[in-house]
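Notes follow the structure.
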Amino acid sequence: MDEEIGRVSIPALGEKFPSFEAQTTHGKIKFPDDYKGKWVVLFSHPADFTPVCTTEFVAFQRRYDEFKKLGVELIGLSIDQVFSHIKWVEWIKEKLGIEIKFPIIADDLGKIAQLLGMIHPGKGTNTVRAVFIIDPNGVLRAVLYYPQEVGRNIDEILRLVKALQTSDEHGVAIPANWPNNELIGDKVIVPPASDEKTANERLEKAKKKELECYDWWFCYKSI
């Protein structure tokens, strides 16, 4: 938090993610260096041994294989000590039959949480439910914040990763609610024309059924 102006500082989209070293339930890590070439979903939870956080960890773990298929590593974080993390993970396995396979950062001094803007004074001293999606180049691509009282939709986080990967691979934009968009279904949006020549070419392609368009600035296609 920026104490001079009393506001929370957060990493900016499109910039390199801040680096740090941390102790986790799987040992020490150096981030993002240890994750070069991989997508990462780094997420914070307010505290171990709390009901909403427990439901989230179970939800993340149930989708663990889906994240792995996308080349995504999951990393949790809270300001609890590593001993608490270990005991909580043991409890989840013993009581709920779910083995948490991803590491959890022990940020008991709160330095990483402050660095990443996870502590919002208006919401108390614990971390809010922050989600950071980092690409294989260590660049921050998306940020989500949820309050402590509302659990996250893990399927939306999966969808967001898939959308970013699709956008990168095909050079396209992704519509709302993709792949179930109300206008174009599972199709993707071709970036708008930036000059008159390209705009006219788009319309010609639409007439020839080579491209689908509502207008020159709203064209879409299947991938």
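The values are calculated or read from the model by the stated rules, or taken from the named source; none is laboratory data. These numbers come from a predicted model, not from an experiment. Note that we place each Cβ from the backbone using ideal geometry, even for glycine, and neighbour counts take in every protein chain shown. All accessible areas refer to the heavy atoms of the entire protein, side chains included, with ligands and DNA or RNA removed. Shrake-Rupley method; radii C 1.70, N 1.55, O 1.52, S 1.80 Å.
Give me the number: length gained by fully extending residue 83 to residue 70, i.e. 0.36 nm times residue separation minus the C-alpha to C-alpha distance, one decimal in nm. It would help to have the intermediate numbers written out before the result.
Details: separation 13, 0.36 × 13 = 4.68 nm, distance 3.06 nm.
Result for the pair: 1.6 nm of gain on full extension.
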Legend entry - the chain: angle of helix 82-96 to the longest principal axis, Cα-based, in degrees nearest 10: 70 degrees
Inset, instruction - Sort largest first and round to whole Å: the equivalent ellipsoid semi-axes of the chain, each the square root of five times a Cα gyration tensor eigenvalue. - result: 38, 20, 16
Legend entry - residue 63 - accessible surface, heavy atoms, 1.4 Å probe, Å² rounded to 10: 60 Å²
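Can you give me the accessible area per residue for region 101-223, using a 1.4 Å probe, in Å²? Numbers along the way, then the final one.
Numbers: 6530 Å² over 123 residues.
That works out to 53 Å² per residue.
Enumerate by residue number the chymotrypsin sites (Phe, Trp or Tyr not before Pro) in region 128-223 meeting two conditions: DSSP loop (anything except H, G, I, E, B), and at most 16 other Cβ atoms within 10 Å of the site's Cβ. Could the numbers behind the result be given before it?
Details: sites: 132, 145, 214, 216, 217, 218, 220; in loops: 216, 217.
Loop-located and lightly packed - 217.
Summarise the accessible area of region 76-223 (1.4 Å probe, protein heavy atoms) by the percent that is carbon and sulfur.
52 percent
Enter the mean projected area of the convex hull around the alpha-carbon atoms of region 120-203, in nm², rounded to one decimal.
On the way: hull surface 33.9 nm².
That works out to 8.5 nm², a quarter of the Cα hull's surface.
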Inset, instruction - Let me know the whole percent of all Cα-Cα pairs from region 75-169 that are separated by more than 18 Å. - result: 57 percent
Inset, instruction - Tabulate in residue order the Karplus-calculated ³J(HN,Hα) for region 14-30, using 6.51 cos²θ - 1.76 cosθ + 1.60 with θ = phi - 60°, rounded to whole Hz; enter x for Gly and Pro. - result: x, 9, 4, 6, x, 8, 6, 10, 8, 8, 10, 5, 10, x, 6, 10, 10
Inset, instruction - Find the all-direction average of the projected area of the Cα convex hull for region 1-115, expressing the result in square nanometres with one decimal place. - result: 7.9 nm²
